[in-house]
Structures are given as C-alpha cells and as structure tokens.
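This report concerns only the one structure given below.
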Amino acid sequence: MSIESGLRHSQYAYSGVFMKVKSVQEIQDALQPIAEEMQIEIVEIEFKQGKAPALTVYIDTDSGVDLNTCEKFHRAIDPVLDEVDPTFGAAYTLNVSSPGLDRPLKTDRDFQKRLGEKVEVKLFAPMQGKKLFEATLKAFDEHCVTLETSNGELKLERAKIAKICRAIDFDALLK
C-alpha cells in the first residue's frame, strides 16, 4: 500500500491499531536535497504495512543503480528520516532499491528516457484485437503515446494503458 501524496499524514491498520505515517510529499521534501547532492533521482516512495512495516525509497541515476549506490543513499538518508520520524515513533524497516529494469513508465521523465526504445504496452481493453503491444516509443504527451509498430504508427490514449514499460531482451542481457 502506498502513502497518498497530498495528505498531511495517513493512517494504516496494523494489528488492529491504526499506524500514522507522514505523507510521501513530506518524506520526499526531506530527502530531495540529499538525492540532488548525490545526483540521484527518487523515483517513488512507498510505505507497506503488516507484521514488518517498511518504507522503501526507489532510486535511479543516469548510469543505473547498483548495490553500492543503494547502500550510500541508505546511509545518507537514515539520519534525516530519524529526524522526520515518518511513522511517529513506530518501528519500520528502511529499504533503498532500484525500481527494476521493467518498472512502469509513469512520469514525463520516464517517457523521455525511453523515446526511441522498445516498450511493452498492456491495455485495459483490446484494441485491434490485442491487449499487448511491443513497439518503439516514438512520442508522448500528457494524453497520448505514439508507438511505431510493424504495421505502422499507433496512437494510444494514456488513460487506456494499464501498464507501459521498457521491453527487455533477456537474451541480450545474458551476453
């Protein structure tokens, strides 16, 4: 479960008790200066509850993310989060992670980085008899995505896209 942006704080049920957590925006605002200094993009911040509540910060850099980058960022943000106290004193685990090769494209920056690359698009409902397309991302705006398919150009409304992510050629990764 993600913390909703724009709220002052949220409450999550934990063992029958509501656990208060600060908003993603408040956490992001506290961590952003460190990310900028380290030339790291905070892709997403997520809070999960349960037996082991966890705050996960997904990061990226222009050259990718490795374990060393995650560890350095974790160490840099840990004392800041102690001050921010995102769970109002409740225990949680802090995770710093790469968003993964197949993370969904959500922001304009995500789309910009993938222009000219192969993407995989899953639709909510079939179009031209298909719900899954693999094509080259040609263009985008706030309402539509333009793909270059083997049958020509295809323009899709973003609202009709369930998920769009980088197409991964696993054979190429193994070489």
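Considering the stretch 88-134, the residues that are under 22 Å from residue 52 (Cβ atoms) and more than 21 Å from the chain's Cα centre (by Cα) include one that is surrounded by the most Cβ atoms within 10 Å (Cβ to Cβ), namely 90.
Looking at the stretch 145-156, I want the residues that are on the phi < 0 side of the Ramachandran plot and hydrophobic (A, V, I, L, M, F, W, C) and have a partner that is loosely packed, with under 15 Cβ neighbours inside 10 Å and not in a strand (DSSP E or B) with Cβ atoms under 9 Å, at least 6 apart or on another chain. Which pairs are those? Close Cβ pairs (under 9 Å, with a partner that is loosely packed, with under 15 Cβ neighbours inside 10 Å and not in a strand (DSSP E or B)) amount to 145/158; 154/128.
For the stretch 88-175, no strands (runs of 3 or more DSSP E) sit wholly inside it while including 2 or more residues that are at pLDDT 95 or above, closer than 30 Å to residue 35 by Cα and out of contact with any strand residue (DSSP E or B) (no Cβ under 7 Å at 6 or more places or on another chain).
Of all residues in the stretch 118-161, those satisfying the criterion of being under 22 Å from residue 108 (Cβ atoms) and among the β-branched types (Val, Ile, Thr) are 119, 121, 136, 145, 146, 161.
Among the residues of the stretch 106-138, the one identified as in contact with a helix residue (DSSP H, G or I) (Cβ under 9 Å, 6 or more places away or on another chain) and small (Gly, Ala, Ser) is 125. Of all the residues in the stretch 48-87, those that are out of contact with any helix residue (DSSP H, G or I) (no Cβ under 8 Å at 6 or more places or on another chain) and part of a loop (DSSP other than H, G, I, E, B) number 12.
The values are calculated or read from the model by the stated rules, or taken from the named source; none is laboratory data. Source: prediction; values computed, not measured. Using ideal geometry, Cβ is built from the backbone for each residue, glycine included, and neighbour counts are taken over all protein chains shown.
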